[in-house]
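Written below as structure tokens is the structure these notes are about.
A short reminder: the numbers here are calculations on the coordinates, not readings from a lab. Note that the structure is a prediction, hence the values are computed from the model and not measured. Cβ atoms come from the backbone with ideal geometry, glycine included; neighbour counts cover every protein chain shown.
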Amino acid sequence: MVDIENELKHYKVHFQNKVVFCNCDDPYESNFFKYFAANFNHLGLKKLIATCYDPSPIAGKQLDIFGEGILEEAEKKAYKIEITEVTDVNNDGAINLSDVEYLIKNDKNVLSKLVGNGDYKSKECEKLLEESDIVVTNPPFSQLNDYILFLYKHKKKFIVMCNHNIVHYTEIFPLIKDNEMWLGYNSNKTVRFAMPDYYEKWDEIIDGVKYGKVPSIGWITNLDIQKRHEELILYKSFNEEEYPKYDNLDAIDVEKVSDIPCDYYGIMGVPDTLLDQYNPKQFEILGADGIPKYANELKIGRIGEDWMKRYRENGGTGHYTANMRSIVLTKNGVPKKPYSRIFIRRKQHTPVEYLQQEIPVSMAAEDGKR
Ligand SMILES: C[S@@+](CC[C@H](N)C(=O)[O-])C[C@H]1O[C@@H](n2cnc3c(N)ncnc32)[C@H](O)[C@@H]1O
């Protein structure tokens with residue numbers, strides 16, 4: 001929940017009067033559903049929809065919360081929950097999750113069985129997707145590529161928890177490059193996930209719940225966020241010793257994002273962590289190492305036998321071959337293989353142009369409050 005809160009607190013202006021859909025979320029195990037149910041009025045939501053996927057191990061086990069009989073048909077089946085208002089329905093003097101539970105138990109329009117298994121691609125879930133404005137969830141990471149492309153195809157706004165590796169996916173990177181989607185506020189972090197009790201491997205148990213630690217977790221979104229309008233402060237100057245050119249591409253290598261020189265306007269290879277601080281007004285993304293399309297576009301040459309020989313003689317390891325078209329360099333006489341590089345170029349603009357760049361009014365207002 002803390003990870004969800006830390007990300008979603010930045011998007012409040014986007015949720016006002018919107019239909020939010022959590023489409024990989026069993027309401028009784030998903031903290032995404034709980035976050036939106038608990039903050040329904042605070043965020044000014046128009047509607048909250050959550051659909052549960054049939055094979056979810058938890059589905060149908062929560063009869064104590066639903067109350068006897070409510071789930072007779074839906075038990076162990078996929079179902080959906082649709083909430084359009086949260087008031088003090090249980091008359092306990094407060095508006096909170098207990099009202100949502102009361103609604104689920106007592107209002108037959110809130111909980112209903114799905115015809116199919118709740119697959120996000122199924123016709124009925126696709127219909128709910130059409131009806132929604134913003135999709136927020138953490139989908140099965142094994143399906144991340146197809147999941148994001150599915151939302152993109154449907155022209156939906158989304159905030160999706162994902163594995164940072166997604167930025168290197170052949171079909172996703174071009175969309176990031178073309179500013180169709182970008183990283184959220186939190187990226188590339190190790191996050192604790194609650195795991196079903198029957199899992200035999202876990203990292204820690206807290207209050208009887210098993211947790212696994214998963215590295216490289218971040219968020220991807222296509223909602224305009226303030227972070228994307230912030231400029232990276234560059235302070236280093238270019239010099240040939242510190243920023244060697246690649247042996248097979250006319251571009252310099254920059255080892256750390258904070259080292260990007262302020263006075264170089266050619267192509268630079270930088271670690272993909274730049275995407276966490278990327279402002280499209282400051283930099284243009286040209287490609288990524290490891291994706292063949294960009295090896296062609298940027299004309300990255302073969303690694304070559306000579307470099308491979310020198311690399312192995314220097315104790316270099318890894319599955320590289322002379323025919324690969326992936327960037328390599330030689331620094332102070334030592335062959336090096338840079339890792340996870342994306343290729344960028346500075347955009348030239350004056351400080352006045354930067355100050356004049358447009359920030360959506362609602363976002364500027366919200367930022368003033370922070
Ligand atoms: C990483 S878990 C996240 C669950 C939930 N968002 C949460 O935070 O608790 C992924 C969820 O996606 C569900 N799922 C797997 N395949 C799915 C599919 N094709 N359509 C919809 N949901 C799916 C799984 O059952 C699981 O509950």
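Looking at segment 205-244, which chymotrypsin sites (Phe, Trp or Tyr not before Pro) are DSSP coil and have at most 16 other C-beta atoms within 10 Å of their C-beta? Provide the component values of the computation, followed by the final result.
Details: sites: Tyr211, Trp219, Tyr235, Phe238; in loops: Tyr235, Phe238.
When the chymotrypsin sites (Phe, Trp or Tyr not before Pro) of segment 205-244 are filtered for loop state and at most 16 Cβ neighbours within 10 Å, Tyr235, Phe238 remain.
Sequence neighbours fewer than 8 away in the same chain don't count; with that in mind, list the aspartates and glutamates whose C-alpha is under 16 Å from Lys210.
Straight-distance partners of Lys210: Glu29, Asp197, Glu200.
Could you pull out the trypsin sites (Lys or Arg not before Pro) across segment 176-224 that fall in loop regions by DSSP (anything but H, G, I, E, B) with no more than 11 other Cβ atoms inside 10 Å?
Details: sites: Lys177, Lys189, Arg192, Lys201, Lys210, Lys213; in loops: Lys201.
Here the trypsin sites (Lys or Arg not before Pro) that fit, given the DSSP loop and packing criteria, are Lys201.
Just to be sure I understand: with springs between alpha-carbon atoms less than 10 Å apart, which residue in Gln226, Gln143, Gln16 has the highest mean-square fluctuation in the Gaussian network model of the chain?
Result: Gln143 has the largest fluctuation of those listed.
List the aspartates and glutamates whose Cα lies under 12 Å from the Cα of Lys105, skipping any in the same chain that are fewer than 8 positions away.
Result set, ordered by chain and number: Asp64, Glu68.
Just want the ordering: Glu124, Glu7, Glu130, from fewest to most Cβ atoms lying within 10 Å of their own Cβ. Display every interim value, and only then the final one.
Values: Glu124 15, Glu7 20, Glu130 11.
With the fewest neighbours first, Glu124, Glu7, Glu130 line up as Glu130, Glu124, Glu7.
Using the structure shown, select from Lys236/Lys256; Lys47/Lys157; Lys156/Lys281 the pairs with a Cα to Cα distance greater than 21 angstrom.
Working: Lys236/Lys256 11 Å; Lys47/Lys157 15 Å; Lys156/Lys281 24 Å.
Those over the limit are Lys156/Lys281.
What is the distance in Å between the Cα centroid of segment 116-137 and that of segment 269-288?
Going from one Cα centre to the other spans 32 Å.
With n ≥ 4 as the cut-off for DSSP H runs, can you work out [θ] at 222 nm for the chain, using -39500 (n - 2.57) per run divided by the number of residues, rounded to the nearest 500? Working shown, then result.
Working: 13 runs with 91 residues, N = 370.
Calculated mean residue ellipticity at 222 nm is -6000 deg cm²/dmol.
Could you name the aspartates and glutamates whose alpha carbon sits less than 19 Å from that of Lys123, not counting residues in the same chain fewer than 8 places away?
The qualifying aspartates and glutamates are Asp25, Asp26, Asp54, Glu82, Glu131, Asp133, Asp146.
With springs only between Cα atoms under 10 Å, which of Gly116, Gly218, Gly184 fluctuates most in a Gaussian network model of the chain?
Gly116
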